[in-house]
1. Would you point out the residue of segment 694-716, among those that are within 26 Å of Gly522 (Cα to Cα) and modelled with pLDDT under 75, that is most open to solvent (accessible area, probe 1.4 Å)?
2. Of Glu155, Glu177, Glu150, which residue is at pLDDT below 80 and in contact with a helix residue (DSSP H, G or I) (Cβ under 9 Å, 6 or more places away or on another chain)?
3. State all residues of segment 454-495 that are loosely packed, with under 11 Cβ neighbours inside 10 Å and either under 31 Å from the mean Cα position of the chain (by Cα) or of a type in the set (S, T, N, Q) (or both); if no residue qualifies, say none.
4. Scan segment 731-769 for residues that are assigned to a loop (DSSP other than H, G, I, E, B) and either within 20 Å of the chain's Cα centre (by Cα) or at pLDDT 75 or above (or both) and jot them down.
5. Determine whether segment 251-266 contains at least one residue that is at pLDDT below 95, out of contact with any Pro (no Cβ under 7 Å at 6 or more places or on another chain), part of a helix (DSSP H, G or I) and not β-branched (Val, Ile, Thr).
6. Filter segment 411-426 down to the residues that are outside any helix (DSSP H, G or I) and open to solvent by less than 70 Å² (accessible area, probe 1.4 Å), then identify the one that is nearest to Val528 (Cα to Cα).
7. For segment 222-247, which residues satisfy the criterion of being at pLDDT below 90 and under 30 Å from Ala624 (Cβ atoms)?
8. If you take the residues of segment 531-581 that are touching a His at 6+ places or on another chain (Cβ under 8 Å) and among the hydrophobic types (A, V, I, L, M, F, W, C), which of them is nearest to Glu325 (Cα to Cα)?
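The values are calculated or read from the model by the stated rules, or taken from the named source; none is laboratory data. It should be emphasised that the depicted structure is a prediction, and the values quoted were computed from it without experimental measurement. Cβ coordinates were reconstructed from backbone atoms using ideal geometry, including for glycine residues, and neighbour counts include every protein chain displayed. These area figures cover heavy atoms from the full protein model, side chains too; ligands, DNA and RNA do not enter into them. Shrake-Rupley method; radii C 1.70, N 1.55, O 1.52, S 1.80 Å.
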Amino acid sequence: MLARGETDSVCIHMRVTGQCTHVWKKKYDRVMGKARQEQINEIALGNGRLMPPARRAAKSLSRVDGHSFAVGNHGGLATDVETQYELSREAKKKLFKDMNLTGDMLVNVINVIEALKEKDKKRRSSRGDSSTDFLGLVHNSSFHNGLHMEIWTKEILKLVNQLRPKALILYKDGTGELLHLKGCTKPGHIIHSMISMCPLEMLLKDENFRYGRRTQEAMPIGEVIGHHQPGVTCSRFWKYFFAAADKIHGDQKNPLPNPVLLNTDNCGQYQNGWIDALRVTGQVTNRVMWNNVTLLILFWYEYQISVGRPEDNQKIARTAYTMFEKLCPSAIHACRPHVCGDGKDWVASKKRLPEVKNLGDRLRSMFAHVFNQMTSLSSIRHATTILTHAILLLQRDEIELPSFSIDSPVHEHHDEAEWNKHAKDMRAELDRAADCLYIRDTVELKELIQTEMEVNERPHCQSFSGVQQVDEATNYLKQRKAFVYAYLSSINLDNSTGIIKYHLIYDAIESDKGEFIPITSGAFQKEVELPYPGGRIANEWKCDSAAQYLKRTWLKSPALWSYAVIHLLREALQCHIYGNNCHMEGVIGNKKKQPDRALHCSEPATYLESQWESFEEKSRTFVANLERMDGIVNRRKAAAAAATMIDGKKTDDAIENESFMTEGAMWDSKQNGGHTPELRLQNSLRHLFVNKFGHSKFSVWHKFMSDWIAENGVGDLNGMGKSNFNDWMNGRRHLNTDKKIADGAVKGMKHFLEVYEEEKKEKKNDDEE
């Protein structure tokens, strides 16, 4: 228009949205005020157009004179940036000189591999060992089509052989961002698949485990480093690893047993590689068959436990485990935090459909509870039933509301008695649905297993059977109405209308007092004309994509993630077993936090040298700890018995203190680990505060409880500040962290709950008198 002379000027209106993406398409919403204005000015001048803020800051720092500020201390003197860089370069040069390294990465790796073999020879000869098998650290290395190295030592294999008769339990997880190669196009391109073990699990039985805390360290036993690690690669590693261990053992007439369990993540490559490496003829071929067979055995085992005597539980578990050993080479368990994390990430993903995003925090809260329950319950029947019920709720088109009239009672909040009654009824229905999954006859079990094994050698015919195996429970729940608790919250007499609040209940848990509490994600409301005849309305929870995700990803393979496998192993072997892979996560996290990480991870040669030293140190530490472990355990047991026995009876404080010596604290009365006790405590607090204040202002709740705990001096609220308390009560805390609440905070809140309720009852009795 300006070119044609139709107007003299154009007015352009700009609307600031509060966020800018620039060329990098990243939201820089944390930059505010003066810093934000400076950023905008830089972009306008063209100085920062191709750089995000972090890179611009680094560029600005590089312009500063290196002698103008100090960054450390060296020899008692302040060290400037240039001196620090020079010291780092000198340290690297010295390391390369000591290891005879050159500028060629491949040459360096080969030189270090040979040097480590010579070191191994000298070490063995110093101990009177003249053997030359399995020298050094690196085995089955390859540099074609990417890097591949398998690292372990003969000393490690000897330790593994000693623990295999004691029920060997291993942990495996992968990580990136450790070793970087020149020429790799992205960070984390090289995968480190690390394997470790927790010696206490094998060395101490349940009765002694509580007294062995900190007597042994985590024990890394091997690692696979490479660009590509499919199931075939994982299988090859385990085959060579255990073949070497068997060769060292040497007694073919009395072979060592397979490991009992591999705790890993949800990686199918790790699981399939493990099964393929350990299986023999007649056993399952992959994770699909493993899940299908294990699921049948667990359904049979739980029925036998339900009808048997408590004193026969171990005998029944041994029978079930014997059947399992015959068909499966070893147990697999997908780490609980990994499973829960996958569910959380799916909901939070930006790729989700609008129906998922519309439910928002409601769906996140539901997923957090369902995933927590299904991975922590010792019964696979109840775990799959809770998951099935959640899927059906997400698939229902309509739900049914009861009738209301002007004379109906009005509640600003739910009625406690009706609330608990709905929870009790729901729990009874879920229990009946779970009972449909029992396999009651041993002959039926063998026939079902035989049917499954018919396709064991035909992978193209195999499919997970989880959905089919829970069909009876699914059909039972489909015939029932959705669990809805509705009440009239207000009435407008002028126009004869009312507000109905209703909760869609997806689970019910038992509180510490034995009451059943419904689990929902908040109330929906609907305005109706009174009298309201009741009837069907649209289901606000309808979300087909979420239901399909739960069904196709998790319900199909429950044996892989269920805690029931760990429970069976504990009962059968009478040993303590961690039910997650956090042990391996701790090993990886510790490795990444080492101060010399940058020096040793600059190239493969230096990394191999550091790993050799680490394996040597861990082996020596293991032996030293093993020699003194029995003495420490015996002293702790004797001290505990002497200090806590008064007139032949343990004090309450002694019983509580012994429970703190058990790893994975916070077990409830039914031996269900995890966050279940926290959920019960949360719901009990919620009911107390709603009845007292009549609202859900968590800040008011927190202040009231905080003042009460401070005044009484029992426990504390460390780690449970106002914001954390809000997240916890909203069901969002475990979306951000898998850590449990601090013991002091749990103790304070439980004491508040118990004593406050007692004082309330006493006051009520006094008033009545």
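1. Applying the filter and picking the extreme gives Ser696.
2. Details: Glu155 fails: at pLDDT below 80; Glu150 fails: at pLDDT below 80.
Exactly one residue qualifies, and that residue is Glu177.
3. Those that are loosely packed, with under 11 Cβ neighbours inside 10 Å and either under 31 Å from the mean Cα position of the chain (by Cα) or of a type in the set (S, T, N, Q) (or both): Gln479, Asn495.
4. Of all residues in segment 731-769, those assigned to a loop (DSSP other than H, G, I, E, B) come to 731-732, 737-742, 769.
Correct list: Gly731, Arg732, Thr737, Asp738, Lys739, Lys740, Ile741, Ala742.
5. Let us first name the residues in segment 251-266 that are at pLDDT below 95, namely 251-266.
Narrowing further to those that are out of contact with any Pro (no Cβ under 7 Å at 6 or more places or on another chain): 251-255, 259-266.
Within this subset, residues satisfying the condition of being part of a helix (DSSP H, G or I) are none.
No: segment 251-266 contains no residue that is at pLDDT below 95, out of contact with any Pro (no Cβ under 7 Å at 6 or more places or on another chain), part of a helix (DSSP H, G or I) and not β-branched (Val, Ile, Thr).
6. Keep residues of segment 411-426 that are outside any helix (DSSP H, G or I), which gives 411-415.
With the extra rule that they be open to solvent by less than 70 Å² (accessible area, probe 1.4 Å), the set shrinks to 411, 413-415.
Details: His411: 16, His413: 18, His414: 18, Asp415: 20 Å.
The extreme case among them is His411.
7. Of all residues in segment 222-247, those at pLDDT below 90 come to 225-233.
The answer is Ile225, and nothing else.
8. Residue satisfying both the conditions and the ranking: Val565.
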